[in-house]
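The values are calculated or read from the model by the stated rules, or taken from the named source; none is laboratory data. Quantities reported herein were computed from a predicted structural model and do not represent experimental measurements. Cβ placement follows ideal geometry from the backbone for every residue including glycine, while neighbour counts extend to all protein chains displayed. Heavy atoms of the whole protein, side chains included, go into the accessibility calculation; ligands, DNA and RNA do not. Shrake-Rupley method; radii C 1.70, N 1.55, O 1.52, S 1.80 Å.
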Amino acid sequence: MPETPATFKPALILHGGAGNLKRATLPPELYAAYHASLQSYLRSTNTLLAQGASALDAAVHAVSLMEDDELFNCGRGSVFTTDGTIEMEASVMVTSVQDSTAGLEGTIKRGAGVMGVKNVRHPIRLARESLLRTGYHVDGKRSNDGGCLHSQLHGPHVEALAHEWGLESKPDEWFWTKRRWNEHQRGLKGEAEPLSLSQGTVGCVCLDQWGNLAVATSTGGMTNKLPGRIGDTPTLGAGFWAESWDEVVSSVNLATPAPSSPSLGDCFQEAKGWLADCLPPFLREARSPDYTSLLSGSQIDQTGFSSEKQALCYEKAHSKHFTKRAMAISGTGNGDSFLRVAAAHTAAAMLRFSAPGLTLADAVTAVAGPGGELQRSAGQRWNITGEGEGGIIGIEADSAPPARGQLRRGKVVADFNSGGMWRAWVEEDSTGRDIERIMVFREEYR
């Protein structure tokens, strides 16, 4: 594990499926079962992170637990295809707010997805091994930068690798569950489901104490999907994504010049001609009266600086520093809709390339919230076929210095446009105490 000091307080969030969930058809005993499972997996994963586990290991741990739980549509609880077979999918992706030269697992953006998996007990562990074991070699030695040669591997070929890598396999009978088989049969007959069941993908997003982010996602797909169908879960940018980038922050600080720098009044007089070029377009087009007076009547010689004071002011105003931002998200719901709008990457692009001040919560809502991109993609089929339904969970973090004596914090986010989304996370209350939150609807279950 990394030997560098902890710089972040670990964070995590899980999802257990989203869809047409309704309070009227979710009996207390079924709700209690989901709540107990999610709470158990949340606590177990949170303990791992607190003990120093990497974000990747913690996220894979959480999803592995859900793959063994028949409540969830993944692993042993996977749904059936129209042919009565089970074809599973899983993926992992990592990134970090750290410098990629730090040599720590997960510091470089990499992702891997596996699909068409039939007999591997934990497809999520297969995705993890695919990420870590299929990297390139240098001088006969495997690269240790977390990079992978192939981002997607399918069917018997990746199952053969699972056997080679020592991952546990199970026979078809182990994956057969009465509840999923009954769903399969009712679906073939066109009968509606009598209860609110978790039909969606499961996933976990983690932030570890070194600023590494990881997302792990696993699913059995859609009930009665056609054999060979590939969904959003193993597809980078559709059902999952993780990314980091440098964000430029101008460090203009005319209010508190260093003792050896020109006075504030000197800076105002010397800078007024060229400072206009430093302003963003919206400020140049609609600046306040104070900026108007400051920027008018420039007498600066464009061939050079008129004085040493002016040069110092120019250097101060034009100096910039960078903060690294990172995010990781996982989606659940109607996978074909996630594919059509490249949902996860679209949210990431909104965050990275939109105006300053946009948060991951804003981007997730714009894609997966009520009236967002996913819902609009369904068009007239919204609320009829299940298209467009879904939700996204995620965490964002940055390298900005924290308050003195404190660890940096990540921000946990989630939103959905369907009846409900099973989700569990840890958050701080007003006193700084950690509390567990397990929810399915927007309001508390009553």
- prompt: How much of the accessible area of segment 49-100, probe 1.4 Å, is carbon plus sulfur, in whole percent?
  reply: 41 percent
field: Environment charge at L12 (Cβ cut-off 15 Å; Lys +1, Arg +1, Asp -1, Glu -1)
entry: -1
field: Selection of trypsin sites (Lys or Arg not before Pro), segment 1-87, meeting DSSP coil and at most 15 other Cβ within 10 Å
entry: K22
query: Once phi is turned into ³J(HN,Hα) by the Karplus curve 6.51 cos²θ - 1.76 cosθ + 1.60 with θ = phi - 60°, what whole-Hz value does each residue of segment 338-343 show in order, with x for glycine and proline?
result: 4, 5, 5, 9, 6, 4
task: Determine the alpha carbon to alpha carbon distance for each of K118/K225; K118/K411; K9/K109 and list only those over 25 Å.
output: K118/K411
query: Between the DSSP loop rule and a limit of at most 13 other Cβ atoms within 10 Å, which GluC sites (Glu not before Pro) in segment 363-446 are left?
result: E443, E444
- request: Enter the Cα centre distance for the pair segment 333-354 and segment 224-241, rounded to the nearest angstrom.
  value: 13 Å
